[in-house]
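Here is the structure we will look at, set down as structure tokens.
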Amino acid sequence: MSRSRIKQAGIETLSGVDGAFLNLETEATPMHVGSLHLFETPPGYKGDFHKSVRHMMQSRMVPVLQRRLATLPLQLANPVWVQDAVDFDYHIRRVRLPKPGTWAQLEATVADLHAQLLDRARPLWMLYVLEGLASGEKAYYFKVHHAMLDGQAGVALAGAMFSTSPDPLPPARRGARKKAVAPEQPGTLALAAAAFRHDAAQYVKLVRELPGVLRTLTGIVKGSAAKSRGVVNATEAASLAELKRSASFGPRTAFNVAIMPGRGFATATIPRAELKVIAAVLDATVNDVVMSLCSGALRRWLKRNSSVPRKPLIASMPISLREQGNTEMRTQATLSLVNLASNIADPVKRLQAIRDSSGATKAVARQAKSVIPTDIPLLGVPWLLGALANLYGRSSVVDTLPILANVLISNVPGPPVPLYVDGLRMTGYWPLSIVEHGVGVNITLLSYSGNLCFGFVVAKNAVPEAGELAEDFMAAHVELKNAVSPKGTSFGAAPAPTSAVARTRGKRAAKGV
């Protein structure tokens with residue numbers, strides 16, 4: 001569903017979905033997403049990586065990163081975006097790792113940075129150049145508020161910032177480090193008028209489109225019921241019964257608690273070609289295989305730390321509503337529920353069950369995609385959402401309500417070709433996302449240059465060591481490969497580690513097999 005943006009006098013309104021990310025944010029639940037980037041360096045590299053990154057950001061600065069929030073009195077409506085100057089000394093910082101600069105220390109440093117709230121008085125992003133890796137490689141961590149963009153918009157942003165050429169950047173223009181001058185800011189009346197016009201337009205649109213929404217949803221229910229009775233060819237879509245199993249409540253686990261501010265972070269990397277082979281053998285998609293590996297990892301962790309519930313875990317997974325070619329920098333996604341079949345011990349049977357479950361969800365999502373709103377009016381509601389977020393954060397509330405989802409899992413298509421910063425090739429691109437009260441584990445993957453890069457973000461009071469979960473994930477991958485390979489399948493030789501850091505990660509993963 002398309003939406004016209006209200007832009008005048010440098011004002012840009014937030015969608016209702018983006019506003020919700022702001023209003024639901026608390027100290028324990030920051031609502032920003034991020035990414036860790038690793039770069040290889042040539043022998044004898046003497047360059048200043050911090051300077052190179054700053055030069056890249058200044059020379060490729062995009063308008064979305066120049067926006068800051070302007071709030072309205074009494075929180076009667078969502079804030080609006082206004083253009084402002086960027087203080088690069090504030091937004092781009094150096095962080096030195098503790099010695100000796102191991103990969104685990106890098107992950108721990110990124111986790112601490114990911115736990116910190118962004119300053120709403122400034123543009124909602126930060127970039128930290130991470131120095132002191134023992135391998136000699138360079139890295140940085142970038143975070144941006146989810147109210148500014150979703151995962152796919154973030155990839156589009158990366159495409160605008162990075163280069164696909166190994167050639168160094170042109171020299172910085174003289175005077176580029178001068179402090180930028182902020183544009184003239186609109187007054188309170190102009191801000192309020194833009195916000196109220198936006199919400200009024202959304203109310204009108206909602207009423208106008210409601211009959212069509214009801215017709216579509218009625219058709220989905222009737223069509224699914226007909227398929228379950230065999231009236232329609234069952235291969236055309238999953239049955240209503242399968243969909244109901246996918247959407248049932250999950251069991252209560254150690255992951256599903258009121259979370260505290262502390263965060264853990266770990267990474268894993270798998271060649272995409274390996275998962276494509278598994279998917280082809282079992283007539284599944286790569287995403288089905290990913291969900292199966294996540295299920296296997298969570299099952300291993302629970303078996304070691306408590307017990308595996310007899311009821312299957314449920315994953316909440318975003319479904320993109322972004323149309324082909326749409327690179328608009330705002331959130332355009334909704335959430336779905338997928339049965340992870342974690343109660344099935346056999347990895348192949350587990351994947352097949354997940355395939356059927358996710359197929360049911362995708363079938364309904366395809367039919368409903370045209371009527372799911374990407375914007376909702378929140379006039380008079382922002383303050384209420386904030387109050388509800390604080391209420392939900394109380395453990396007595398989280399422990400009482402049913403578990404809609406046990407884990408958050410997201411799959412973001414990334415750039416298929418290598419990216420560069422001032423001639424240095426990016427060898428790793430790991431995403432970091434959000435955990436919430438009641439859902440203390442988030443597994444997000446991003447495809448990059450032939451690899452799938454997994455980022456595990458946890459609330460430390462739910463999962464004390466994120467690295468254990470990453471090890472369990474790699475062990476689940478080995479288990480599934482071994483279960484498939486007797487069928488005569490060849491996975492080929494695994495690519496050699498590209499760095500000392502990669503070799504360290506490999507040893508850590510092997511320990512969990």
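The values are calculated or read from the model by the stated rules, or taken from the named source; none is laboratory data. Please read all numbers here as calculations on a predicted model, not as lab measurements. Cβ coordinates were reconstructed from backbone atoms using ideal geometry, including for glycine residues, and neighbour counts include every protein chain displayed.
Below is a table of values for the structure above.
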| item | result |
| --- | --- |
| Candidates THR71, THR109, filtered to the one that is buried (at least 19 other Cβ atoms within 10 Å of the Cβ) and among the polar types (S, T, N, Q) | THR109 |
| Among the candidates ALA315, ALA297, residue that is modelled with pLDDT of 70 or more, assigned to a strand (DSSP E or B) and buried (at least 23 other Cβ atoms within 10 Å of the Cβ) | ALA315 |
| Out of ALA462, ALA483, ALA475, sole residue that is within 24 Å of GLU25 (Cα to Cα), surrounded by fewer than 24 Cβ atoms within 10 Å (Cβ to Cβ) and not β-branched (Val, Ile, Thr) | ALA462 |
| Answer residue from the range 15-63, given it is of a type in the set (S, T, N, Q) and part of a helix (DSSP H, G or I) and is nearest to TYR128 (Cα to Cα) among those | SER52 |
| Scan of the range 300-312 for residues that are part of a loop (DSSP other than H, G, I, E, B) and under 18 Å from GLU468 (Cα atoms), ordered by number | SER306, SER307, VAL308 |
| Any hit, the range 13-20, residues being closer than 30 Å to PRO168 by Cα and either within 24 Å of the chain's Cα centre (by Cα) or at pLDDT below 80 (or both) | no |
| Failed item in (1) over 27 Å from the mean Cα position of the chain (by Cα); (2) in contact (Cβ under 8 Å) with a residue 12 or more places away in the chain, with GLN83 passing the rest | (1) |
| Condition met for ALA104 (in contact with a strand residue (DSSP E or B) (Cβ under 8 Å, 6 or more places away or on another chain) and either β-branched (Val, Ile, Thr) or not in a strand (DSSP E or B) (or both)) | no |
